[in-house]
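Notes follow once the structure below has been shown.
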Amino acid sequence: MALPLDPLFTFEGPDVNPGFLLAQATAHWQRSLGEVLKPMGLSPSQFLLLAAVQRLGQQQAPVTQASVAQYAHYDKMTTSKIVRTLEEKGLIQRPTNEQDARARSLSLTSAGLKTVVRAAWALEEFDQQFFGQGAGSLVKALQGLLPSADNNADAAASSAA
């Protein structure tokens, strides 16, 4: 490895900095995914939370905004804003949680279920084209970057999406 040109950084430049490359790849993936989801009226963030509601809804515990935020690694404020948008679009319902009157349970409407299924199929095809043959090794590398408690849950989520 050659010496860095800037003494503040250990990498020679952004073209070899993994964080910079990850940020660029993520931005490119999100822009491209946005185009795929546009016909369904969803942004990538809306799809992620809609898919989280669907995935968590398969478990026994009630699906709350807090559990969706935690599952998606989103902050509560962003989650709340996106959930309200999904509710306005008629894709999810937010009745009061039976166990905690302050919390709201989230569930997909029939339109929400149709949308998440359609979007998931589109995402699957898009991801296969976008990531190609290197997807398996990329998944393992990315899982290694996540906090260890999340590795098992995220691995299950990625195989289901």
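Taking the criterion of being modelled with pLDDT under 95, closer than 27 Å to G41 by Cβ and either open to solvent by 40 Å² or more (accessible area, probe 1.4 Å) or not in a helix (DSSP H, G or I) (or both), would at least one residue in the range 144-151 satisfy it? Scanning the range 144-151 turns up no residue that is modelled with pLDDT under 95, closer than 27 Å to G41 by Cβ and either open to solvent by 40 Å² or more (accessible area, probe 1.4 Å) or not in a helix (DSSP H, G or I) (or both). A single entry from L86, L49 fulfils the requirement of being in contact (Cβ under 8 Å) with a residue 40 or more places away in the chain, out of contact with any Lys or Arg (no Cβ under 7 Å at 6 or more places or on another chain) and under 22 Å from W121 (Cβ atoms): L86.
The residues listed here are G136, G112; of these, the one that is under 28 Å from G19 (Cα atoms) and open to solvent by less than 60 Å² (accessible area, probe 1.4 Å) is G136. Checked against (1) assigned to a helix (DSSP H, G or I); (2) of a type in the set (D, E, K, R); (3) open to solvent by 100 Å² or more (accessible area, probe 1.4 Å), R102 meets all criteria but (1). Scanning the range 54-81 for residues that are hydroxyl-bearing (S, T, Y), in contact (Cβ under 8 Å) with a residue 24 or more places away in the chain and open to solvent by less than 40 Å² (accessible area, probe 1.4 Å) yields a total of 2.
Condition first: part of a loop (DSSP other than H, G, I, E, B), open to solvent by less than 40 Å² (accessible area, probe 1.4 Å) and aliphatic (A, V, I, L, M). Now tell me which residues in the range 8-53 satisfy that. Across the range 8-53, the qualifying residue is only L42. In the range 82-99, how many are exposed (fewer than 13 other Cβ atoms within 10 Å of the Cβ), of a type in the set (D, E) and over 16 Å from A61 (Cα atoms)? Adding up the residues that qualify gives 1. Residues satisfying the criterion are absent from the range 69-77 (criterion: more than 14 Å from the chain's Cα centre (by Cα), assigned to a loop (DSSP other than H, G, I, E, B) and not β-branched (V, I, T)).
The values are calculated or read from the model by the stated rules, or taken from the named source; none is laboratory data. This is a predicted model, so every value here is computed, not measured. Cβ atoms come from the backbone with ideal geometry, glycine included; neighbour counts cover every protein chain shown. The accessibility values were calculated without ligands, DNA or RNA, using every heavy atom of the protein model including side chains. Shrake-Rupley method; radii C 1.70, N 1.55, O 1.52, S 1.80 Å.
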